[in-house]
Protein chains: 2
Amino acid sequence: MATLKVSDSVPAPSDDAEQLRTAFEGWGTNEDLIISILAHRSAEQRKVIRQAYHETYGEDLLKTLDKELSNDFERAILLWTLEPGERDALLANEATKRWTSSNQVLMEVACTRTSTQLLHARQAYHARYKKSLEEDVAHHTTGDFRKLLVSLVTSYRYEGDEVNMTLAKQEAKLVHEKIKDKHYNDEDVIRILSTRSKAQINATFNRYQDDHGEEILKSLEEGDDDDKFLALLRSTIQCLTRPELYFVDVLRSAINKTGTDEGALTRIVTTRAEIDLKVIGEEYQRRNSIPLEKAITKDTRGDYEKMLVALLGEDDA
Amino acid sequence: MATLKVSDSVPAPSDDAEQLRTAFEGWGTNEDLIISILAHRSAEQRKVIRQAYHETYGEDLLKTLDKELSNDFERAILLWTLEPGERDALLANEATKRWTSSNQVLMEVACTRTSTQLLHARQAYHARYKKSLEEDVAHHTTGDFRKLLVSLVTSYRYEGDEVNMTLAKQEAKLVHEKIKDKHYNDEDVIRILSTRSKAQINATFNRYQDDHGEEILKSLEEGDDDDKFLALLRSTIQCLTRPELYFVDVLRSAINKTGTDEGALTRIVTTRAEIDLKVIGEEYQRRNSIPLEKAITKDTRGDYEKMLVALLGEDDA
């Protein structure tokens, strides 16, 4: 369930492009106008606005936005205006770079997208970086992280609902043994998490709970807190089975951390506004007893705040 | 360069469907008529013939062919009539089954197809088997074979010509060290072979030859002949750099083996007739001093022989 609010009838792309142009003209920039347009257009509509803008003014809208805007607001607008596949490719590429490296973001992109969305990210990666996503992930990670992350970003999971309960029972048993021995990096654990369909993984973890009396994430809490690979494994399992809970945790730490983590906040809002931000918002409130929108407005300012609130569908547009 | 001969003007799909129907009617089957149609239609044309046949007779042409034909001829017709993605999915699935298991076929499908062709195979695998290709490959292989094969079948290589010569030099050095220490299953060797673009791999192996005075395949010959993983690694490198030479080797052993290996012969001819069978044929003759067509006719009989010869573009149609 998306939070994005798009009115049934929107202006022609050329009109939107023209309006955006006026927002840039003259002294200063009309951020409100930019938000009122871009924060209320679907991915497809944003795409044709970019095309119209390019045809009319011979410029890439993103470059102009980059020039005109700054800081967190700029980052939110740029990430939002990109096509989802391009956006994921950019997030993944940043996650392989030294100063912005993040195994968590790589895992998040790999596990919370559908197979087609992940494929679009890989295709956009080719076009944008002249390399394959897995090439960069493999080159910039090592050891167990490489094994897990390369397997996750190269997966192309079956997305049907069919599950094999016999297999679920076998693999629940296998996973249980590995966890008991604290072999969290075991090849078969990684194989199951990176090749099985999400429905099959879910069946395996239901079976795990039935046969071993506790949820797998509970079992994994017994590991060492500083074990970064174990933490990534836990997030992987959460992303594959209950992604909304994972996103709630990310938002919570982004907002509650001393000094907001705008990077994470912007990433989650822009990548989920069109997908499941509504469910995430509901879970957020259940978990933190404060509406997500309120938590965000308490923690952000100015145009950046307005943009996030608009994507949450909470502005009065 | 394909060997498939398709005349510029072919009958309407419904006419072809009707002709195929007559080939099944009455006593016995008119194999010549089947060959004259199917062996001279492109993948796209075969696809619409199947649709027309289904619309007109309410049956899947493949099922009827399966009923009407037998043995090697049937196998050649069925493999040929499938869409390339479906065909590769079927070949890969067979290669994970106990009685027909073949790491070589899995590697061949993963390394000699373009990124889009391999993607189509993975998509067809979803549709046909309700599972992912990598799920089955991972489940049915172990150890080093699993590491290599799962990485190869999940690759989505960048296909541009851009190469990074500094990287090529670094990775040539790295590969050389691993081979010197006979660490053929090293994680970085597998990483390079399964994630880099073919152009980059080629640049790395050129650099290897320049800096270390011999071709990489030559260095790999020093390993133990019974080392099956090493043999698969050699084939992988050949498929990624000079696939036509790999196919010549497969054809050669299929034909020269005491008792022809029809499975391999049919696989290569049906999967390459529309792609590069002409170049393979030329290399075959250079290597074996006998035209491929002659070598095949010396070794095959009847309708099976006629079908292969037609796909080689050597029948008088």
Determine whether B:LEU38 is farther than 30 Å from B:THR142 by Cα and touching a Phe, Trp or Tyr at 6+ places or on another chain (Cβ under 6 Å). no
Tally up the residues in the range A:94-136 that are over 13 Å from B:TYR158 (Cβ atoms) and either modelled with pLDDT of 95 or more or under 19 Å from the mean Cα position of the chain (by Cα) (or both), please. 26
Checking A:THR100 against (1) over 22 Å from B:SER115 (Cβ atoms); (2) out of contact with any Asp or Glu (no Cβ under 6 Å at 6 or more places or on another chain); (3) not acidic (Asp, Glu): exactly one of these is not met. Which one? (2)
Reported set for the range A:119-140 where residues are facing chain B (nearest Cβ under 10 Å), crowded, with 20+ Cβ neighbours inside 10 Å and touching a residue at least 24 places away in the same chain (Cβ under 8 Å) is A:ARG122, A:TYR125, A:LEU133, A:ASP136, A:VAL137
Would you check which residues across the range B:39-51 are more than 24 Å from B:GLU262 (Cβ to Cβ) and not in a helix (DSSP H, G or I) and list them? B:SER42
Out of curiosity, is A:GLU244 within 25 Å of A:SER115 (Cα to Cα) and within 14 Å of chain B (Cβ to nearest Cβ)? no
Selection within the range A:171-191 - closer than 19 Å to B:ARG146 by Cα and either free of Cβ contacts under 8 Å to residues at least 40 places away in the same chain or assigned to a helix (DSSP H, G or I) (or both): A:GLU171, A:LEU174, A:VAL175, A:LYS178, A:HIS183, A:ASP186, A:GLU187, A:ASP188, A:VAL189, A:ILE190, A:ARG191
Kindly indicate whether any position in the range A:216-235 is within 14 Å of chain B (Cβ to nearest Cβ), small (Gly, Ala, Ser) and assigned to a helix (DSSP H, G or I). no
Filtered residue count, the range B:142-162, keeping only those that are more than 10 Å from chain A (Cβ to nearest Cβ) and in a loop (DSSP other than H, G, I, E, B): 0
Only one of (1) surrounded by fewer than 19 Cβ atoms within 10 Å (Cβ to Cβ); (2) in contact with a helix residue (DSSP H, G or I) (Cβ under 7 Å, 6 or more places away or on another chain) does not apply to A:GLY26, and that is (2)
Boolean, A:LYS169 is more than 17 Å from A:SER194 (Cβ to Cβ), more than 8 Å from chain B (Cβ to nearest Cβ), touching a helix residue (DSSP H, G or I) at 6+ places or on another chain (Cβ under 6 Å) and of a type outside the set (Phe, Trp, Tyr): yes
For B:GLU55, all conditions in the list (1) surrounded by fewer than 17 Cβ atoms within 10 Å (Cβ to Cβ); (2) within 20 Å of the chain's Cα centre (by Cα) hold save one; what is the number of the exception? (2)
Kindly indicate whether B:LEU4 is modelled with pLDDT under 95 and not assigned by the TED database to the domain that holds B:ILE275. yes
Of (1) free of Cβ contacts under 8 Å to residues at least 60 places away in the same chain; (2) not assigned by the TED database to the domain that holds B:SER194, B:PHE247 satisfies all except one. Which? (1)
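Rundown of residues vs (1) part of a helix (DSSP H, G or I); (2) closer than 20 Å to B:GLU108 by Cα, yes/no style:
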site: B:LEU245; (1), (2): yes, yes
site: B:VAL269; (1), (2): yes, yes
site: B:ILE275; (1), (2): no, yes
site: B:GLY281; (1), (2): yes, yes
site: B:GLN285; (1), (2): yes, no
site: B:GLU293; (1), (2): yes, no
site: B:ILE296; (1), (2): yes, no
Identify, from the list A:ILE190, A:ILE179, the residue that is more than 14 Å from every other protein chain (Cβ to nearest Cβ) and out of contact with any Asp or Glu (no Cβ under 6 Å at 6 or more places or on another chain). A:ILE179
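The values are calculated or read from the model by the stated rules, or taken from the named source; none is laboratory data. Source: prediction; values computed, not measured. FYI the Cβ positions are ideal-geometry reconstructions off the backbone, even for glycines, and counts take in every protein chain you see.
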